[in-house]
Each structure stands twice: as C-alpha cells, then as structure tokens.
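FYI, it's all coordinate maths here, none of it is from the lab. These numbers were taken from a predicted model, which means no experiment stands behind them. With ideal geometry, Cβ positions are generated from the backbone for all residues, glycine too; neighbour counts draw on all protein chains shown.
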2 protein chains.
Amino acid sequence: MYDKEFLMIPGPTPVPERVLLALAKHPIGHRSKEFSAILRRVEEGLKWVFQTKSDVHIYTSSGTGAMCSAIGNLVNQGDKVLCLIIGNFGKRWAKIAKMRGAEVIELEVPYGKAINPDDLKEILDKDVNKEIKIVTMTHNETSTGVTNPVKELAALIKNHGAISVVDGITSLGALECRMDEWGIDVLISGSQKGFMIPPGLAFLAANDRAFEVHKKCVYPDFYFNWTDYKKNLEKDTTPWTPAVNLIVALDSALEMMKEEGLDNIFARHKENAMLLRQGIKDMGLKLFVEDEKIASYAITAVLPPEGVSVPDIRKTLKEKYDITVANGQNDLKDKIFRMGTLGFVSRRDVLTALASLKETIDELKK
Amino acid sequence: MYDKEFLMIPGPTPVPERVLLALAKHPIGHRSKEFSAILRRVEEGLKWVFQTKSDVHIYTSSGTGAMCSAIGNLVNQGDKVLCLIIGNFGKRWAKIAKMRGAEVIELEVPYGKAINPDDLKEILDKDVNKEIKIVTMTHNETSTGVTNPVKELAALIKNHGAISVVDGITSLGALECRMDEWGIDVLISGSQKGFMIPPGLAFLAANDRAFEVHKKCVYPDFYFNWTDYKKNLEKDTTPWTPAVNLIVALDSALEMMKEEGLDNIFARHKENAMLLRQGIKDMGLKLFVEDEKIASYAITAVLPPEGVSVPDIRKTLKEKYDITVANGQNDLKDKIFRMGTLGFVSRRDVLTALASLKETIDELKK
C-alpha cells in the first residue's frame, strides 16, 4: 500500500511523528542565538547517550563520514592500524585506513562470530615496540547481527597504549555503551539508527588521549577537522553550515529518549530482540547467530528455510505486508535476511513482523 | 514573533511549504526501487540546473564538503594549485588545498572586486612549464556580493590545460552558469541556496578531463570518492546512506524549479536584486559593490549610514520585523550587512524588506 511501508532494516529506521513535524519546521539561521541554544541542548543530550564528558562533534554526513573523520584526524601515512573485522562494517575501517596510506593489519574472524579478546591480546603482546597506533572495531556489526565485547577489547587496547576507535553507528541509543567508563578513545554514531531521526547526521566523540594523537596528524581532514569543530563548539556553533532541520529533529528525538530513559531504551531493545529471536525459532527458522552472548539486540539475521529464497521472502514481506527487511551483504547476499529492532520499534511491531513473516513463509512453502 | 522569522541570509534560505511537507514524509529504504527512481529523477534535475551532461554526485554534507571532495579527488601532495580569491569563500579553497599538502598560489584582489581575466592570463602565460594543475574560483562570492566572470576565466584555464574548479554554491539555481558550454571542469553547489531546500546536501559534477586527473590521485578522499560515486550512480544508488528525506525534498524543489523554468528563475533573481539595490540607494544608503557588472543578483552587501551600527540594524530588523540579514565576515564584520535574494524569494519579499529596512534606519537615526 502506498505510504504504508514499515522499515525493519538497520537504517533508516522508523521516525516518530513528533520528530517528523520538528523536521518540517522552517529552517532558522545557523549563526543565530536560537540555533546555538538548540545546539547546546543537543550536545548535552549526545554526551548523555555517549556516556562521556568529551565533546560530541555533529557532522553533516552519513556514519561513514564519521569513520573517515576518525581515521583522517589520527592517521599519518605509514602508521600501523589494527582493524578487528567481524563483518562488512569492520572491513570498511580497513579500507578507509588503507586509502589514507596506513599500514593495515587485519584480525578477521568468520562472519557470525565476535572478536575473542584473547586473540587481540596475543597480537598486542607481540607488538613489543608499540608500533600499533590505532585499533578499530565495530560495536554492533550490522551485516551479521553480532555485538563485539567492546568493554573487554577497549581495556586491552588502553593497556597497550594504542587508541581505540569504535563504530557505534547501530549501537548507540540501542545497546549499552559506556565511552568513558570502558575507556573508549574515539566513538562514532549515526542519526538514522537508535537516534530515531532520518539519515544525514553523524556523531564523533574523541577523548584527550585521542586529541594528543590528532595534534601530530600532518594533513588532517579539513571537512571533519577535530580542531575546528572543538573551537566552534566552544562558541555553540559548527565550522560549516549544519543540517539545521535534522538537528532540530534530533533535539526532539533526544527529548523523547530522555523521557524513556537510557536503561529503559536498552531493556526495550533487548526484549524486542529476544521476542523476535524466539518467534523465529518457534516457526522453525534458523538464526544466523545462535550464541546468545554475542547476538545483537538491534539486528537479527535469519536463514531462509529449505526451498525458500531470501529474495522471495523480502518481496512478499514488502508487497503483501508493507514490511521492508534487509538482504545479506556481499558473500551473505541471498543467504540471510536481516530484521532491525532498532530505534522507534515497539513490542507490537515485533509481533506484527512475526505474524507477517509466518504467513510469508507458509505461503512460499506451498 | 515566534515562528515568524524570514531569512534574508545567504543560506539557509526560505523553503516552500510543498518542500517542507515532502521533507516530513517517513523515510524510505535507500536501497529500494522506489528510492532509486527518485534518485534518477533528482539526478536528471541536477544535470539540468548544472547545464551539464556529466554526472552530478549528491553528497550528504555542507557545501564545504563538496569543496573538499574536489580537492581531495584531484590533488596530490606538492601539486601546484592556483586559487583566485575575491572573498572568504575563495580563501577557503586555498585553506583546503594547503591542508591537503598542495603548493598554493594565491591571486587575491581587494574584497568587493572581481577577478580581472587579464590578471589570470598573465599568471597562466608565465607558467610555461604548465605546472599549475588546478585553478579554483568562486562564482558568486557570498561574503561580498560579487559575481566573478566565470565564463571568461574558465576559458583561459581550459586554454592553458589546467582544471577549473568552480564554487557555484550560491550561484546554481540563481545565476546563469553553463558548465559544459563554458568549459568548467568541476562545478559544485549546495542545497540550502538556490535549490530551496534545507542545508545537508552538496552537489559536484566533474567532466572527463577532471576524471583523468582524478585517476592519478594517489590517496583520494574516501567519503567523497568520485570513483565510488560514479560506480554507484550507474546503479541509481549512492555508496553510503544518503540523507533520504532531503533528497525527497529536493525532488519536490526541482519539480518547482522546472515549473518556473531556468530562464525565469534567473530573471526573477536579477529583478529582485535590482529592485533591492535601487531601493537601498533611494533611501540614501551605499552599496558595497557599486559596479553593476559584477554585483551579485543573489546577495547584496550594504554599508550602514553614518552613525548607525550594523549590529543595531540587524537586531532591529530581527526583533521588530522578524527579518534576518547577515553581518559581514572577518574584516568586513560590522562594516557591511548582507541581504540575500536567493532561492524562494518573491518581489513582495523584497518590497517588505525594503519597507522594514527603511523604518529601521529611520528609527535608529533618531
């Protein structure tokens, strides 16, 4: 049905009506006192979600822009960067670092698994001359539905003296992630996920340790420049014209998040994901990630039943039930489909999705 | 009055209701057929405004992002870049190129003037070994209200064999700019200006000559990567999650632009600016750019009358008349104020602004 689509992809995610109406307001001047007041409030809200005292930079970009910001403000040509890879998005860090001229070391595990902290420790222990400067990782790997043990990994990296760079694009505002307490040095996220607003903004927080490394960056990125952002943030503004309407929408979304409370948000994501996983198992389908300890509460990847194809499942769900789910990516294309329970998703939505998926499978099996 | 603000700054500019309502629609999946169809239509619309057969890349960024894209996809460390500077935004090209490691030559004229093609010719003629690889310029310099003779400048650059890179952020969709016919190699623009949508998107078109230079770029920008954008555009998609809602809004704005027609749009901007200039002169104020041949039809910079300060004019216009005009930038701060007639601005708006400005000045002179 026209205009009836329900998104269960890992982003964009559904946007609340209150936020859509805020988005549709006439833009105001980005150098006005009124906008600075909004920016200040949004900044405080982001720090609350990031669980950090560091500034959170707001970029007009997709999440990949914030990834480029991290690499482009830290890495010089020839620097050694260790990339922990459990899926496509972990691999993206390696691609960005290589295009920046870094020497990249990859620790890659079979997709569907998480990084074992012991494997990271082994690599870091061997690096006796402390040549590894940066270690990148994905908190919640959207391509597989696996959550990395960031707390343990970040502690090992801190102990070694390297800078930890964490992609929290699909975890912030959905899964517990304590930047300061866990000792994460650089944490990034994006708008169209747990933050419940449309795509177009990305966020990055860097602590003092990371800023020390940034100062030695010879040709830092201009558009995403940390020094410029920091300087402007002190005056409640941004170096370049920001996406004013999206920031006004974010102000509204953060208000909703505060009303619900972070712990309640995390609990809702967990409950919804567990309900989805149980329902999927109950209808005889297999989960791509069976290990409950690493299974994501934001994205669930499902294997199609014998004799039924992923494209047919997606097509039927979309055309008959107006529900959009994601295909697998690259090697996992047509082997899994992925359902998001990320952001503005209620228990009712999960039940609706399960009922629709059951009818879809039954019909396709005929 | 609350929610009554009228923007006469050089961006964000007023957004039509039809576009705001399009912006507020629920986001759809960016990898869907429906979104690809919108992207294809928007792409055709942008080519029409750019007056080019080349692809137009759509970035989720401010206009400065598109500037970084141009430099970051063309320039290697040590490359010679000539920057033609008639104001702040011309200077920004030089800053970006320097931060990229380029050897920058600056041709800077007093602010309020345009580049004289003879001065450019002299520099290019002296460059007998063709070491100058890139020449940057601003079409419409927002900080001063001056329009450069891009047609003449681009022709000289083409003749020399360098690549011309033109900032059309506040000119596209407002002033005549024929990319292909004038031989511009790289042309960029932004969303919150002549395109009548809120900030958050930037556009870049590069012709085949520019792409040949791009191929020799050793460490091209990752986020704004031309090769990736080109490859994805062939499949009616983007490499990273785009700002879906802003693109849907742009689709609606381009529809309005087609209804009006490019020539009518240019004529409206010219008429509105001429009406504004005449009205300002009639009330005894001085224009910062008196030469009609280089005065911008998008932005008009005005000198305050003796004994009246720019901050007081801006404050009164805002608080009593709900009209926001811009201050001067850097050295011109508090020396001029700038009024935009850019984008969704009608003759009625100009008359309103003139009447309000007249009352403001009369009151402040008392």
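Long-range amide H contacts for residue A:163: which residues qualify at under 5 Å (H placed 1.01 Å from N, peptide plane, sequence gap of 5 or more or a different chain)?
When sequence neighbours closer than 5 places are left aside, the close amide H contacts are A:134, A:135.
Once you've got the GNM for chain A with C-alpha springs shorter than 10 Å, pick whichever of A:60, A:352, A:300 has the biggest mean-square fluctuation.
A:352
Distance between the C-alpha centers of the range B:52-95 and the range A:44-75? Whole Å please.
Measuring centre to centre over Cα atoms gives 24 Å.
Of the options A:207, A:189, A:26, report the single residue whose Cα projects farthest towards the positive end of the charge dipole of the range A:17-258 (beta-carbon charges: Lys, Arg +1; Asp, Glu -1).
A:26
Please compare each pair in A:231/B:230; B:91/B:231; A:286/A:318; A:231/B:98; A:113/A:318 to a cut-off of 24 Å on the Cα-Cα distance and tell me which ones are over it.
In this structure, A:231/B:230; B:91/B:231; A:113/A:318 exceed 24 Å between Cα atoms.
Which ³J(HN,Hα) values, rounded to whole Hz and listed in residue order, are derived for the range A:196-204 from phi using the Karplus coefficients 6.51, -1.76 and 1.60 in 6.51 cos²θ - 1.76 cosθ + 1.60 with θ = phi - 60°, glycine and proline given as x?
Result, ordered by residue: 6, 10, x, x, x, 10, 9, 10, 8 Hz.
Within 10 Å of each Cβ in peptide A:195-201, how many partner chain Cβ atoms are there on average? Round it to a whole number, please.
Mean shielding by partner chains, rounded to a whole number: 6.
For residue A:218, project a label point 7 Å along Cα to C-beta. Then give me every residue of the range A:80-118 with its amide nitrogen under 19 Å of that point.
Residues A:80-81, A:97-104 fall inside that zone.
In chain A, what residue has the beta-carbon at the shortest distance from the axis of the rotation relating A to B, and what is that distance in angstrom, rounded to the whole number?
Chain A residue with minimal Cβ-axis distance: A:24, 2.
Sorted from shortest, what are the nm distances separating the label point of residue A:362 from equivalent points in the other copies, each placed 7 Å from Cα along Cα to C-beta?
Once sorted, the set of distances for residue A:362 reads 7.7 nm.
Give the residue from B:307, B:240, B:264 lying farthest towards the positive end of the charge dipole for the range B:216-308; charges sit on Cβ (+1 for Lys and Arg, -1 for Asp and Glu) and the dipole is referred to the Cα centre.
Checking the options against the dipole of the range B:216-308, the answer is B:240.
Based only on other Cβ atoms within 10 Å, what is the fewest-to-most ordering of A:350, A:186, A:109?
Exposure proxy ranking, most exposed first: A:109, A:350, A:186.
Using a Förster distance of 45 angstrom, determine the FRET efficiency expected from the C-beta separation of residue B:352 and residue A:230, and round it to 0.05.
0.65
So if I place +1 on the C-beta of Lys and Arg and -1 on the C-beta of Asp and Glu, and nothing else carries charge, what would the dipole magnitude of chain A be about its Cα centre? I want it in debye, nearest 20.
With only Lys, Arg, Asp and Glu charged at Cβ, the dipole is about 460 debye.
Quick one: what are the phi-derived ³J(HN,Hα) couplings along the range A:130-144, Karplus 6.51/-1.76/1.60 with θ = phi - 60°, whole Hz, x for glycine and proline?
6, 7, 6, 9, 10, 10, 9, 7, 10, 6, 10, 7, 5, 6, 10
If you place +1 on the Cβ of every Lys and Arg and -1 on the Cβ of every Asp and Glu, how big does the dipole about the Cα centre of the protein assembly as shown come out, in debye to the nearest 20?
Computed charge dipole of the protein assembly as shown: roughly 80 debye.
Inside 10 Å of the C-beta atoms of A:221-228, what's the mean count of C-beta atoms belonging to other chains?
Going residue by residue through A:221-228 and averaging, the value is 5.
Cross-link list A:315/B:25; A:216/B:121; A:126/B:95: which exceed 31 angstrom alpha carbon to alpha carbon?
The answer is A:216/B:121; A:126/B:95.
Can you list, shortest first and in nm, the gaps between the label point of residue A:274 and those of its counterparts in the other copies, using a point 7 Å from Cα in the C-beta direction?
7.3
Among A:216, A:126, A:230, determine the one that fluctuates most according to a GNM of chain A built with springs between C-alpha atoms less than 10 Å apart.
Comparing A:216, A:126, A:230 in a Gaussian network model of chain A, the most mobile one is A:126.
Run lengths n ≥ 4 of DSSP H only: what is the helix-derived mean residue ellipticity at 222 nm for chain B, with -39500 (n - 2.57) per run over all residues, to the nearest 500?
After summing the helix terms and dividing by the residues of chain B, the value is -13500 deg cm²/dmol.
Quick one: what are the phi-derived ³J(HN,Hα) couplings along the range A:298-309, Karplus 6.51/-1.76/1.60 with θ = phi - 60°, whole Hz, x for glycine and proline?
Those phi angles translate into 9, 9, 10, 9, 10, 8, x, x, 2, x, 10, 9 Hz.
Could you check the spin-label model distance between residue A:237 and residue B:41? Points 7 Å from the Cα along Cα→Cβ, value in nm.
3.8
What shape does chain A have by the C-alpha gyration tensor, where a ≥ b ≥ c are the square roots of the eigenvalues, rounded means a/c under 1.5, and otherwise prolate means a/b greater than b/c and oblate the rest?
oblate
Can you list the residues, at least 5 places off or on another chain, whose amide H is less than 5 Å from the amide H of residue A:203, using H built in the peptide plane?
A:59, A:189, A:190
Counting DSSP beta bridges in the protein assembly as shown, what percent are antiparallel, to the nearest 5?
Antiparallel bridges: around 50 percent, rounded to the nearest 5.
What average count of beta carbons from other chains do you get within 10 Å of the Cβ of residues in B:90-100?
2
Check which residues have an amide H placed less than 5 Å from residue A:146's amide H, if you skip close sequence neighbours.
A:141, A:296
Rank these for me by crowding, A:1, A:256, going from fewest to most other beta carbons within 10 Å.
A:1, A:256
Along Cα→Cβ at 7 Å, what distances in nm separate the residue A:155 label point from those on the other copies, shortest first?
Reported distances to equivalent positions: 7.1 nm.
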